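Let me begin by handing over the structure; questions about it come next.
Just so you know, all these numbers are worked out from the coordinates, no wet-lab data involved. These figures come from a predicted structure and were not determined experimentally. Note: ideal-geometry Cβ built from the backbone for every residue, glycine included; neighbour counts use all protein chains shown.
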Amino acid sequence: MGALVVSQGKLGSTLFAGLLMLNPADVFRLLNIFSSDQVQSMYGLATVMPESLTNPAILVSIMLGWIVLPFVFTQWRFK
């Protein structure tokens with residue numbers, strides 16, 4: 001969010017969405033927003049996000065990646 005403010009809104013929506021996917025708290029927030037049509041219509045972030053990343057199934061898979069990948073890395077590292 002800070003990068004969007006610093007760039008004065010000139011940060012591309014694809015880059016902005018990609019940066020949001022690097023934070024599991026943002027992914028969870030987006031999942032909650034895009035799971036409800038009523039909330040999505042009232043939330044300004046819906047206009048910035050690319051259509052491909054507003055699908056709740058994709059957001060759930062990204063969230064699962066945030067759960068599974070660190071676990072797999074830890075298992076590998078400690079063996």
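State, to one decimal in nm, how far the label point of ILE58 lies from the label point of LEU22, with both points 7 Å from Cα in the Cβ direction.
Roughly 1.9 nm, to one decimal.
How large is ³J(HN,Hα), in whole Hz, for each residue of the range 19-32 in order, when computed from phi with the Karplus curve 6.51 cos²θ - 1.76 cosθ + 1.60 and θ = phi - 60°, using x for Gly and Pro?
Couplings: 5, 5, 6, 7, 10, x, 5, 5, 4, 5, 5, 5, 4, 5 Hz.
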